Amino acid sequence: MTIEIDNLRIRFGEREVVKGVSFDIEGGDSFGIVGESGSGKSTVLRAMAGLNEDWQGRISFSGEDAPQKRPPSFFRKVQMVFQDPYGSLHPRQTIDRILSELPLVHKMDRIDDRIAKVLSDVALPQNARFRYPHQLSGGQRQRVAIARALIAEPEVLLLDEPTSALDVSVQAEILNLLADLRVERKLTYVMVSHNLSVIAHLCSQVGVMVDGQMVEQLTAEDLRLGKAVHPHTQELRRLSVELEEPV
Amino acid sequence: MNAAFRTWALSEAPSSRRQAAWGNRYRAWLNLKGNPLGMIGLTIISIFILMAIFAPLLATHDPATQELANRLAAPNAAHWFGTDELGRDVFSRILYGARVTLGMVIAVVVLVAPIGLAVGCIAGYFGGIVDTALMRITDIFLAFPRLVLALAFVAALKPGIESAVLAIALTAWPPYARLARAETLTVRNSDFIAAYRLTGASSWRIIFRHIAPLCTPSLIVRVTLDMSSIIITAASLGFLGMGAQPPSPEWGAMIATAKRFIFEQWWVPMIPAIAILLVSLAFNFLGDALRDVLDPKGN
């Protein structure tokens, strides 16, 4: 599913936090947005998901302009995974109940089978199904959050820093899972992160946001080779290389 | 049997929806059991409820039969709690009075809790103009002194139990609406609610299936703590002659009619007073214990 964002502007009260961002994503591709905290990258993602209904510009999925208020059918095609797995699962509901909400809303058939299938897709044991979120580890919770998005059988997955709340060993597991799922299900990813190596691991295209503007777009390959043009991108790359390979 | 249930309910990997739900309930019960004051409260309330249900079996006399030759008798073998100013058996009247008083309390709670919950959750979730409108209405009701509004209301209708219940309900719901709204505000912007919005569910579905259940524990605690004040308001209305009408043995009305004898035959008004005190105290103990057990931040 191709995605086009054209001159997207979002303001919170007087302050404009996204100042005319444009980018295109080919179907099946994965696009990473990097930037510092407060650069507006998550805000772009939430507007794409339909959580923020107050924006200007154009957001279109496979050539179709998305309205400000999305119809329920939209959420079968586009789903989102949140940053914090401790805050994104209802604390008083079992995993089963969390996963069955979307199929119930959309009156899908074979809900039991779908839940069992999606749990095995994200490599969660079937006996996790009737547990509560507080009985699971952070990595398992994030798998539940991914399963909740996958049960809609979406074409686009919006990822809002899906690994930043997890510890390093679990981060790699989740990233590999996401990479595998993309191939299996031919998903289109849009991922937001402040971590360049995470983006480089999963995305082929990278957009760099500074202060509400997308200052540079380049391929992950160019980024790796140090072909960035904008000084901010170079700075980000330098920082991430230095962090990985301390002198 | 009991041990089997225990291992089944406490299983770390429940295999059905029912088992997970029972596990949760059983854990809450174990928590409550570990709280001595809470258990005392629960026991007292259970005893009073059982007394109310089985009043016809337990009563030694008919609560309305007068025996004028034997009025204001001290507690004795025939009349365990003595007799009142018309020679009626106080023990039997306390039993039947439990029906009236507890029945009023339950009726008020059944009326008030869902209204407060719905108003608060709707106001908190939608925000904006809906919030302003609903909360100003709530403020209007909150601004009236409770007993005065209840009195005016009962006076406008006819004095009686139904009017008393309605009057108390009318003045009791605003705090619950406020509480539910505050709880809703803390969760409405959380990621898990955002995730439910991304299922395409309607706002109503989100409010009543996902937000309201999060508000109920604190609401239950608050209701339990308020039970005692509802009992006292009901008793006050009875005392002022606006609640249950004679010969109905409501506890507040019993104190009201017996207050003349408080110096000479002090046990006559004292016994219904003790009943009110015990039940109010028991509800307070239980409410405090439930706060520890049901607090969502606790686990």
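The values are calculated or read from the model by the stated rules, or taken from the named source; none is laboratory data. Quick caveat: nothing in here was measured; it's all calculated off a predicted structure. Here Cβ is always computed from backbone atoms with ideal geometry, including for glycine, and neighbour counts include all displayed protein chains. For accessibility, only protein heavy atoms count, side chains too; no ligands or nucleic acids. Shrake-Rupley method; radii C 1.70, N 1.55, O 1.52, S 1.80 Å.
Some notes on this structure:
- A:D96 being more than 17 Å from B:L214 (Cβ to Cβ), facing chain B (nearest Cβ under 9 Å), touching a residue at least 12 places away in the same chain (Cβ under 8 Å) and in contact with a Lys or Arg (Cβ under 7 Å, 6 or more places away or on another chain): yes
- So A:A116, is it more than 13 Å from chain B (Cβ to nearest Cβ), of a type in the set (A, V, I, L, M, F, W, C) and either assigned to a loop (DSSP other than H, G, I, E, B) or surrounded by fewer than 22 Cβ atoms within 10 Å (Cβ to Cβ) (or both): no
- Per-region count, the stretch A:39-64, residues modelled with pLDDT of 90 or more, more than 30 Å from A:Q135 (Cβ to Cβ) and open to solvent by 20 Å² or more (accessible area, probe 1.4 Å): 4
- Lone unmet requirement of (1) exposed (fewer than 15 other Cβ atoms within 10 Å of the Cβ); (2) closer than 30 Å to A:E101 by Cβ for B:A152: (2)
- Qualifying residues in the stretch B:183-196 (those that are of a type outside the set (S, T, Y) and in contact with a helix residue (DSSP H, G or I) (Cβ under 7 Å, 6 or more places away or on another chain)) - the one farthest from the other protein chains (Cβ to nearest Cβ): B:L185
- When B:I211, B:I262 are checked against the criterion of being more than 14 Å from chain A (Cβ to nearest Cβ), out of contact with any Leu (no Cβ under 7 Å at 6 or more places or on another chain) and of a type in the set (V, I, T), B:I262 stands alone in meeting it.
- Taking every residue in the stretch A:218-240 that is under 13 Å from A:Q205 (Cβ atoms) and pairing it with any residue that is open to solvent by 90 Å² or more (accessible area, probe 1.4 Å), at least 6 positions away or on another chain, the pairs with Cβ-Cβ distances below 9 Å are A:L218/A:K227; A:L218/A:V229; A:T219/A:K227; A:A220/A:H201; A:E221/A:K227.
- Contact map, the stretch B:163-179: residues that are under 16 Å from B:L240 (Cα atoms) paired with residues that are assigned to a helix (DSSP H, G or I) and hydroxyl-bearing (S, T, Y), Cβ distance under 6 Å, separation 6+ or inter-chain. Pairs shown: B:I168/B:T233.
- Within the set A:Q135, A:Q142, the sole residue that is farther than 25 Å from A:R110 by Cβ and within 11 Å of another protein chain (Cβ to nearest Cβ) turns out to be A:Q135.
- Test: B:T257 is of a type in the set (V, I, T) and within 30 Å of B:A73 (Cβ to Cβ): yes
- Comparison of B:A73, B:A9 shows that the only residue that is within 14 Å of another protein chain (Cβ to nearest Cβ) and open to solvent by less than 80 Å² (accessible area, probe 1.4 Å) is B:A9.
- Residues that are in a helix (DSSP H, G or I), exposed (fewer than 14 other Cβ atoms within 10 Å of the Cβ) and not aromatic (F, W, Y) occur at least once in the stretch A:212-221.
- Matching residues, the stretch A:65-82, being within 20 Å of B:H210 (Cβ to Cβ), surrounded by 15 or more Cβ atoms within 10 Å (Cβ to Cβ) and either away from chain B (no Cβ under 11 Å) or not aromatic (F, W, Y) (or both): A:R70, A:R76, A:Q79, A:M80, A:V81
- The lone criterion from (1) over 26 Å from B:I206 (Cα atoms); (2) in contact with a strand residue (DSSP E or B) (Cβ under 6 Å, 6 or more places away or on another chain) left unmet by A:A152 is number (1).
- Pair list, Cβ under 7 Å, 6 or more apart: the stretch B:25-50 residue touching a residue at least 12 places away in the same chain (Cβ under 8 Å), other residue aromatic (F, W, Y): B:L37/B:F285; B:G38/B:F285; B:I40/B:F285; B:G41/B:F283; B:G41/B:F285; B:I45/B:F283
- Every residue from the stretch B:12-55 that is open to solvent by 30 Å² or more (accessible area, probe 1.4 Å) and not in a helix (DSSP H, G or I): B:E12, B:A13, B:S15, B:S16, B:G34, B:N35, B:F54
- Condition check for B:I122: surrounded by fewer than 24 Cβ atoms within 10 Å (Cβ to Cβ) and of a type in the set (A, V, I, L, M, F, W, C): yes
- Residue within the stretch A:148-171 that is surrounded by fewer than 21 Cβ atoms within 10 Å (Cβ to Cβ) and among the basic types (K, R) present: no
- The stretch A:99-130: number of residues that are under 22 Å from the mean Cα position of the chain (by Cα) and either closer than 18 Å to B:R209 by Cα or among the small types (G, A, S) (or both): 7
- Taking (1) part of a loop (DSSP other than H, G, I, E, B); (2) surrounded by fewer than 18 Cβ atoms within 10 Å (Cβ to Cβ) in turn, A:F130 satisfies each apart from (2).
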